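Engineer: Sharing a structure below in structure tokens format, with a few things to ask.
The values are calculated or read from the model by the stated rules, or taken from the named source; none is laboratory data. Values in this document were obtained by computation on a predicted structure and should not be read as measured data. We place every Cβ from the backbone using ideal geometry, glycine too, and count neighbours over all the protein chains shown. These accessible areas exclude ligands, DNA and RNA; they are computed on the full protein's heavy atoms, side chains included. Shrake-Rupley method; radii C 1.70, N 1.55, O 1.52, S 1.80 Å.
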Amino acid sequence: MAIAIRTAKEIAKMRRSGEALRGVLDALREAVKPGVTTLDLEKLAEAKIAAAGAVAAFKGYHDYPCVLCTSINSEVVHGIPSAKRVLREGDVVSIDCGLIIDGYYADYAVTVPVGKVSDEAARLLATTEQSLGAAIEAVRPGATLGDVGAAVQKVAEAAGFSIVREFVGHGIGRQMHEEPQIPNYGVPGQGIRLREGMVLAIEPMVNAGKHAVRVLEDGWTAVTADGSLSAHFEHTVAVRAEGCDVLTA
Ligand code: MF3
Ligand code: CO
């Protein structure tokens with residue numbers, strides 16, 4: 001299937017989804033404290049999504065059981081909220097959420113420190129967020145997906161961290177995962193060219209140690225193979241004539 005080109009009207013709808021999702025994640029970020037469980041975050045997210053008049057995008061997706069993915073420390077992505085997972089001072093937790101309003105999806109993730117974290121953890125979070133910023137800077141009509149991936153890779157690797165290969169960003173719109181796939185590594189000038197109206201979920205996953213990951217017995221939770229810390233940030237962005245609009249900002 002070809003990559004969808006969205007009209008200005010469709011992008012305006014996706015911005016509504018993005019803004020509502022941003023509101024949900026802002027509330028979750030506020031709620032992150034030592035002693036809170038990831039199921040507490042899940043329940044808060046469910047309430048906030050309903051209050052926004054939105055439908056959760058993750059729950060039921062390939063039988064995923066929750067509206068959030070909550071991935072702590074060496075967990076990379078797709079951690080399942082649980083009453084048994086208590087956040088502790090010094091943890092970092094990735095909170096990933098998606099929702100649908102009026103048929104249009106938004107997808108957004110942040111990694112949040114729990115209380116005071118180590119200097120290495122703080123540097124990993126800052127670097128991963130900066131790598132997403134560099135990707136967003138690279139998004140404009142005529143740029144290639146290789147330009148976007150290379151922008152992420154350069155920031156993460158210059159800091160001595162590594163890029164996860166097994167999971168990638170994606171086009172988004174009427175479905176959560178549309179074409180194209182968006183790797184967080186690449187060669188400038190290679191890959192398909194971006195066009196005005198494409199909408200992309202860009203989501204670098206950066207490990208403090210080696211890039212390899214494995215999936216736990218629950219069939220979902222991806223963890224670093226070497227047990228190192230991992231961080232994940234995501235925005236939904238629309239390619240516009242002048243560059244791009246971050247719909248989840
Ligand atoms: N935000 C993720 C993604 O972009 C999570 C979706 S997996 C789900 O692919 F099963 F939780 F929905
Ligand atoms: Co995504």
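Engineer: Give the cross-link partners of residue 154 among the lysines, using a straight C-alpha distance below 22 Å as the criterion and excluding same-chain residues fewer than 8 apart.
Structural biologist: Cα-Cα hits under 22 Å: 210.
Engineer: Let me make sure I get this right: for region 1-80, a, b and c are the square roots of the gyration tensor eigenvalues over alpha carbons, sorted descending. Under 1.5 in a/c it's rounded, otherwise prolate if a/b > b/c, else oblate. Which is it? Don't skip to the end; give the middle numbers.
Structural biologist: Numbers: a/c = 2.17, a/b = 1.58, b/c = 1.37.
Prolate, since a/c reaches 1.5 and a/b exceeds b/c.
Engineer: Normalised by the residues of region 8-246, what does the relative contact order come to in percent, with Cα pairs under 8 Å and at least six apart?
Structural biologist: Numbers: 610 pairs, mean separation 50.1, N = 239.
This gives 21 percent for region 8-246.
Engineer: With charges only on Cβ, +1 for K and R and -1 for D and E, what is the dipole size of region 116-229 about its Cα centre, in debye, rounded to 20? Each step should come with its number before you reach the end.
Structural biologist: Working: 10 positive and 14 negative charges, 49 e Å.
Dipole size: approximately 240 debye.
Engineer: How long are the semi-axes of the ellipsoid equivalent to the chain, from square roots of 5 times the Cα gyration tensor eigenvalues, in whole Å, largest first?
Structural biologist: Working: eigenvalues 139, 101, 44 Å².
Three semi-axes, in Å: 26, 22, 15.
Engineer: Okay, next question. Please count, across region 30-152, the pairs of lysine residues with Cα atoms under 22 Å apart that sit 8 or more places apart or on different chains.
Structural biologist: Total qualifying Lys-Lys pairs in region 30-152 comes to 9.
Engineer: Another one. Under the Karplus relation 6.51 cos²θ - 1.76 cosθ + 1.60, θ = phi - 60°, what is the ordered set of whole-Hz ³J(HN,Hα) values for region 24-36, x standing for Gly and Pro?
Structural biologist: Result, ordered by residue: 4, 5, 4, 5, 5, 4, 4, 7, 6, 7, x, x, 6 Hz.
Engineer: Using the Karplus curve 6.51 cos²θ - 1.76 cosθ + 1.60 with θ = phi - 60°, work out ³J(HN,Hα) for each residue of region 195-209 in order, rounded to whole Hz, and write x for Gly and Pro.
Structural biologist: Once rounded to whole Hz, the list reads 10, 3, x, 6, 10, 10, 9, 9, 8, x, 10, 10, 9, 5, x.
Engineer: Something else: Helix-only mean residue ellipticity at 222 nm, the chain, DSSP H runs n ≥ 4 weighted -39,500 (n - 2.57), per residue, nearest 500. What is it? All intermediate terms of the calculation are to be shown ahead of the outcome.
Structural biologist: Numbers: 4 runs with 72 residues, N = 249.
Counting only the DSSP helices, I get -10000 deg cm²/dmol.
Engineer: Here is a follow-up. Give me the dipole magnitude in Debye, nearest 20, for the chain about the Cα centre, with unit charges on the beta carbon: positive for Lys and Arg, negative for Asp and Glu. Please report the intermediate quantities before stating the final value.
Structural biologist: On the way: 25 positive and 31 negative charges, 71 e Å.
Using Cβ point charges on Lys, Arg, Asp and Glu, the chain gives about 340 debye.
Engineer: Among 101, 215, 229, which residue has its Cα positioned farthest towards the positive end of the charge dipole of the chain, with +1 placed on the Cβ of Lys and Arg, -1 on the Cβ of Asp and Glu, and the dipole taken about the Cα centre?
Structural biologist: Towards the positive end, the residue furthest out is 101.
Engineer: Turning to a different aspect of this structure: Between residue 143 and residues 5 or more places away or on another chain, which pairs have amide H atoms under 5 Å apart, with H built 1.01 Å from N, and which residues are they?
Structural biologist: Residues meeting the amide H criterion: 194.
Engineer: Measure off, as a whole percent, the carbon and sulfur share of the 1.4 Å-probe accessible area of the chain, all protein chains present. Provide the component values of the computation, followed by the final result.
Structural biologist: Details: 5430 of 10510 Å².
With neighbouring chains kept in place, the figure for the chain is 52 percent.
Engineer: What list of ³J(HN,Hα) couplings, whole Hz, do you get for region 164-181 from phi and the Karplus terms 6.51, -1.76, 1.60, once you set θ to phi - 60° and write x for glycine and proline?
Structural biologist: For region 164-181, the Karplus curve yields 5, 9, 6, 10, 9, x, 7, x, 8, x, 7, 10, 5, 10, 10, 6, x, 7 Hz.
Engineer: Pull out a ≥ b ≥ c, the square roots of the eigenvalues of the alpha-carbon gyration tensor of region 57-191, then state rounded if a/c is under 1.5, prolate if not and a/b is larger than b/c, and oblate in the remaining case.
Structural biologist: Values: a/c = 2.29, a/b = 1.13, b/c = 2.03.
Oblate is the answer for region 57-191, as a/c is 1.5 or above yet b/c matches or exceeds a/b.
Engineer: When every alpha-carbon pair in region 53-94 is counted, what percent end up more than 12 Å apart?
Structural biologist: Details: 538 of 861 pairs.
Pairs farther apart than 12 Å: 62 percent.
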